[in-house]
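Asker: First, the structure itself, so that you have it in front of you.
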Amino acid sequence: MADNAFDVVILGGGSGGYACAFRAAELGLSVALIEKDKVGGTCLHRGCIPTKALLHAAEIADGARESEQFGVRATLEGIDMPGVNKYKDATISRLYKGLQGLVKARKVTYVEGYGKLVAPDLVEVEGAAYRGRNIVLATGSVPKSLPGLEIDGDRIITSDHALQLEHVPSSVIVLGGGVIGVEFASVWKSFGADVTIVEALPHLVPLEDEASSKLLERAFRRRGIKYELGNRFNGVERTESGVKVSLADGKQLEADLMLVAVGRGPVSQGLGYEEAGVRTDRGYVIVDEYCRTSVPNVYAVGDLIPTLQLAHVGFAEGILVAEQIAGVATTPIDYDGVPRVTYSEPEVASVGLTEAKAKEKYGEVETLVYDLGGNGRSQILKTQGSVKLVRQKDGPVVGIHMVGARVGELIAEGQLIYNWEALPGEVAQLIHPHPTQSEALGEAHLALAGKPLHVH
Ligand code: FAD
């Protein structure tokens, strides 16, 4: 093979790109991974990891604030944002070093620089050409804005800026009640800010089962997080001390700053994709169920394609592509079977279909809601919430929806139940450890199987 020629050339070193690189290298393929910034991409440097570090710091602040109800006397003196950032950055840094070590250990050729697809089998990086028997596009996504809404990075910010704040704002308007908006709202409230979420749709986390959205809304209301649902953003004006936001119903809100969390758009402009024959739609690269684009031997994965924008989806798509290239038998991803977690306080977690979608698909469905009030560990944690099961009439469980502290850790079991198409009676036979929150999942299945324990 000529110099700079590889079995696989991957453009973008985020979750999708590096997962593909690692698996391809493991399968004996020669791999070049091209990254303009830092391996790890959005998830490690501007997404999953930093937000979860902030959420953990927020949980500690809440713990101090609420300590008295546990008989512990602690006072919250304040939030030292540079200190919080130091902890967050140190966490990222440890993981980043680990990832860099893996790139070397897997013998992936790492190319630092801005890449462009110049032919269906050729990526150019600042003057040098990298030829690939296969090309994988994994250039990810960036925060979107609304038409005419200018992000200034100071008072009108995106999640990228929000992760770099050196102070806690005294008040924030969060535009968008999806996962990212809700997570930042949760953090800032715990840090002491006055928070209002504006969401055009009728509910927070609108992709979740309506019951989960309503529970989250109730919990946020109790926490003092305000929200405007079914109300549209009309415009924003910068003021002396911050921003003034007007809404469709005429209401005006003022705050120190506004976080724009209205979604993320694909990074595909100016990268030569269309010119090379790769079909796109509103910037997203169009792929089939095996992540193959319209050009033979060119694949695309992660946030760049119109599937769920989640790191673990990027990992799975990267691995799927690497295995196909290596000739390993693969099956397409069942996107309904991918677990989804919103890491706010309380957390929201789900897998499978919402009740509404299950009704659309199966007609008749049965549901069961198990209140965490009956779960010992949840009572110890003083968390409220529920586990909701959606079952195809007389068939397997097709949707699991949870709200409560740390339920994100429980959804992996939900994923097994969903993906194995387990019947409630089969799950009911599994003995869950007491007292854990996982028991709530077991007890919900016991109840659905007609053998309720701690419920009437
Ligand atoms: P990215 O991670 O965006 O990586 C793309 C890479 O390509 C980048 O490193 C970029 O520098 C590089 N690149 C782009 N163009 C070029 C070019 N021309 N040349 C060279 N390199 C290029 N997901 C979860 O599963 N769990 C979470 O808790 C979670 N929390 C999140 C919180 C926030 C605030 C955000 C913003 C996202 C969160 N996500 C979460 C989503 C997750 O981060 C993304 O789904 C994931 O990072 C997508 O991976 P990717 O590889 O497709 O793209």
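Asker: Restricting to region 183-206, and then to whatever is more than 14 Å from the ligand (Cβ to nearest atom) and assigned to a helix (DSSP H, G or I), can you tell me which residue is surrounded by the most Cβ atoms within 10 Å (Cβ to Cβ)?
Answerer: Residue satisfying both the conditions and the ranking: Ser190.
Asker: Restricting to region 59-68, give me the number of residues that are out of contact with any helix residue (DSSP H, G or I) (no Cβ under 8 Å at 6 or more places or on another chain) and either farther than 17 Å from Gly224 by Cβ or of a type in the set (Gly, Ala, Ser) (or both).
Answerer: Number satisfying all stated conditions: 5.
Asker: Could you tell me how many of the residues in region 337-352 are more than 23 Å from His56 (Cα to Cα) and either out of contact with any Phe, Trp or Tyr (no Cβ under 8 Å at 6 or more places or on another chain) or of a type in the set (Val, Ile, Thr) (or both)?
Answerer: 2
Asker: Could you go through region 321-338 and let me know if any residue there is closer than 21 Å to Val182 by Cβ, in contact (Cβ under 8 Å) with a residue 12 or more places away in the chain and in a loop (DSSP other than H, G, I, E, B).
Answerer: Yes, some residue in region 321-338 is closer than 21 Å to Val182 by Cβ, in contact (Cβ under 8 Å) with a residue 12 or more places away in the chain and in a loop (DSSP other than H, G, I, E, B).
Asker: Kindly check whether there is at least one residue in region 241-251 that is touching a residue at least 60 places away in the same chain (Cβ under 8 Å), part of a loop (DSSP other than H, G, I, E, B) and out of contact with any Lys or Arg (no Cβ under 8 Å at 6 or more places or on another chain).
Answerer: no
Asker: Quick check: anything in region 6-24 more than 21 Å from the chain's Cα centre (by Cα), more than 8 Å from the ligand (Cβ to nearest atom) and either at positive phi or surrounded by fewer than 22 Cβ atoms within 10 Å (Cβ to Cβ) (or both)?
Answerer: Yes - at least one qualifying residue is present in region 6-24.
Asker: Criterion first (within 16 Å of the ligand (Cβ to nearest atom), closer than 30 Å to Lys86 by Cβ and crowded, with 20+ Cβ neighbours inside 10 Å) does Ile180 satisfy it?
Answerer: Yes.
Asker: Turning to a different aspect of this structure: Conditions: (1) within 16 Å of the ligand (Cβ to nearest atom); (2) out of contact with any helix residue (DSSP H, G or I) (no Cβ under 9 Å at 6 or more places or on another chain). Ser170 meets all but one. Number of the miss?
Answerer: (1)
Asker: For residues in region 279-308 being in contact with a strand residue (DSSP E or B) (Cβ under 6 Å, 6 or more places away or on another chain) and assigned to a loop (DSSP other than H, G, I, E, B), which is nearest to the ligand (Cβ to nearest atom)?
Answerer: That would be Ile305.
Quick note: the coordinates plus some simple rules give every number you see, no bench work behind them. From a predicted model like this one, the values you see are computed outputs, not experimental measurements. All Cβ positions, even for glycine, are placed from backbone atoms using ideal geometry, and neighbour counts span all protein chains on display.
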